[in-house]
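Participant: The structure that follows is given in the form of structure tokens.
The values are calculated or read from the model by the stated rules, or taken from the named source; none is laboratory data. No experiment lies behind these values; they were computed from the predicted model shown. Note: ideal-geometry Cβ built from the backbone for every residue, glycine included; neighbour counts use all protein chains shown. Note: accessible area is taken over every heavy atom of the protein model, side chains too, but ligands, DNA and RNA are not part of it. Shrake-Rupley method; radii C 1.70, N 1.55, O 1.52, S 1.80 Å.
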Amino acid sequence: MGELAKQTGLSIRTLRYYDEIGLLMPSHRTEAEYRLYSEADIARLQQILSLRQLGFALKEIRQCLENPDFSLGNVINLHLARLQEQMAV
């Protein structure tokens, strides 16, 4: 099992899927095609996991992370707006 998968509790399959959809691409690969993640990659994964815990879909997470104005404050506001919509229903 991959080291990052062990440390995060994610499956290797999930990490491969994130790579496949362009959500979390490793900075490097070995000659044998093993994925090597940098500290920046791991920080991005932490953001992904945090947003998943808040209930964001992978598509929404990508939009957040690709937005140059992405910030924790923006995410909190988005989450609050979503909760208010849900409570209004």
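Participant: Report whether or not S50 is over 21 Å from A5 (Cα atoms) and hydroxyl-bearing (S, T, Y).
Facilitator: No: the conditions fail for S50.
Participant: Another question about this same structure. If you go through region 32-61, how many residues are in a helix (DSSP H, G or I), open to solvent by 70 Å² or more (accessible area, probe 1.4 Å) and charged (D, E, K, R)?
Facilitator: 3
Participant: Acidic (D, E) and open to solvent by less than 70 Å² (accessible area, probe 1.4 Å): does that describe D19?
Facilitator: Numbers: acidic (D, E): yes; open to solvent by less than 70 Å² (accessible area, probe 1.4 Å): yes.
It is true that D19 is acidic (D, E) and open to solvent by less than 70 Å² (accessible area, probe 1.4 Å).
Participant: Sticking with this one: Within region 28-42, identify whether any single residue is touching a Phe, Trp or Tyr at 6+ places or on another chain (Cβ under 9 Å) and modelled with pLDDT of 90 or more, and answer yes or no.
Facilitator: So far as region 28-42 goes, yes, one or more of its residues are touching a Phe, Trp or Tyr at 6+ places or on another chain (Cβ under 9 Å) and modelled with pLDDT of 90 or more.
Conditions (1) touching a helix residue (DSSP H, G or I) at 6+ places or on another chain (Cβ under 7 Å); (2) among the aliphatic types (A, V, I, L, M); (3) open to solvent by less than 70 Å² (accessible area, probe 1.4 Å); (4) at pLDDT 90 or above, marked per residue:
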position: G2; (1), (2), (3), (4): yes, no, yes, no
position: Q7; (1), (2), (3), (4): no, no, no, no
position: R13; (1), (2), (3), (4): no, no, no, yes
position: P26; (1), (2), (3), (4): yes, no, yes, yes
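Participant: Name the pairs: first residue in region 59-80 and closer than 18 Å to Y17 by Cα and without any contact (Cβ under 8 Å) to a residue 40 or more places away in the chain, second residue assigned to a helix (DSSP H, G or I) and open to solvent by less than 70 Å² (accessible area, probe 1.4 Å), Cβ to Cβ under 6 Å, at least 6 apart or on different chains?
Facilitator: Final answer for the pair search is I61/I48; I61/L51.
Participant: Of all residues in region 1-31, which are outside any helix (DSSP H, G or I), under 12 Å from the mean Cα position of the chain (by Cα) and acidic (D, E)?
Facilitator: In the first step, residues of region 1-31 are kept if they are outside any helix (DSSP H, G or I); the result is 1-2, 9-11, 21-31.
Going one step further and asking which of them are under 12 Å from the mean Cα position of the chain (by Cα), we end up with 10, 21-25.
The answer is none; no residue qualifies.
Participant: Among (1) surrounded by 14 or more Cβ atoms within 10 Å (Cβ to Cβ); (2) modelled with pLDDT under 90; (3) under 16 Å from the mean Cα position of the chain (by Cα), which single condition is N67 missing?
Facilitator: It fails just one condition, (1).
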